[in-house]
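Beneath this line is the structure, given in structure tokens, with notes to follow.
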């Protein structure tokens with residue numbers, strides 16, 4: 001079905017969160033590089049969370065570019081597995097960080113927030129604080 005299909009199924013109520021997360025982790029996502037000199041991954045802030053922009057294909061990235069009024073320029077991007085994005089990249093970013101997939105597609109977007117089960121526990125905003133037993137935190 002692919003990630004876009006799993007997002008669609010989840011949004012219409014027929015999906016399964018485990019399948020969605022598994023497909024996200026297996027999918028090679030296109031992550032645009034920021035326009036500045038830092039060469040980092042393009043992201044935005046909302047609700048105190050940094051959201052890394054990721055896209056399921058070049059067409060979804062192109063819709064994002066057009067929505068930003070920058071459809072005429074060439075966009076550089078990195079292709080990276082969703083698993084590598086959350087397991088290796090997010091731990092290097094300061095502060096709570098999640099992934100926003102296909103954000104220009106109103107009916108096809110999905111947020112993968114910085115919570116346990118999606119990002120490493122050390123980066124999850126809902127992780128128990130150090131020294132707290134998980135059973136006590138429930």
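The values are calculated or read from the model by the stated rules, or taken from the named source; none is laboratory data. Since the structure is predicted, the reported quantities are computational estimates derived from the model, not experimental observations. Methodologically, a virtual Cβ is constructed for each residue, glycine included, from the backbone with ideal geometry; neighbour enumeration extends over all protein chains shown.
Residues that are in contact with a helix residue (DSSP H, G or I) (Cβ under 8 Å, 6 or more places away or on another chain) and either surrounded by fewer than 13 Cβ atoms within 10 Å (Cβ to Cβ) or closer than 22 Å to residue 22 by Cα (or both) within the range 40-59 comprise 52, 53, 54, 55, 56, 57, listed in sequence order.
Of 114, 128, all but one fail to be at pLDDT 95 or above and assigned to a loop (DSSP other than H, G, I, E, B); the exception is 114. Within the range 76-96, the set of residues being in a loop (DSSP other than H, G, I, E, B) and either buried (at least 17 other Cβ atoms within 10 Å of the Cβ) or touching a helix residue (DSSP H, G or I) at 6+ places or on another chain (Cβ under 6 Å) (or both) comprises just one member, 96.
List pairs: first in the range 65-82 and free of Cβ contacts under 8 Å to residues at least 40 places away in the same chain, second assigned to a loop (DSSP other than H, G, I, E, B), Cβ under 8 Å, 6+ apart or cross-chain? Short answer, once both residue conditions are applied: 65/71; 65/73; 65/75; 66/104; 67/104.
Pick from 94, 126: which is free of Cβ contacts under 8 Å to residues at least 40 places away in the same chain, over 20 Å from residue 11 (Cα atoms) and in contact with a strand residue (DSSP E or B) (Cβ under 8 Å, 6 or more places away or on another chain)? Can you show your working first?
Values: 94 fails: in contact with a strand residue (DSSP E or B) (Cβ under 8 Å, 6 or more places away or on another chain).
126 is the lone residue from the list that is free of Cβ contacts under 8 Å to residues at least 40 places away in the same chain, over 20 Å from residue 11 (Cα atoms) and in contact with a strand residue (DSSP E or B) (Cβ under 8 Å, 6 or more places away or on another chain).
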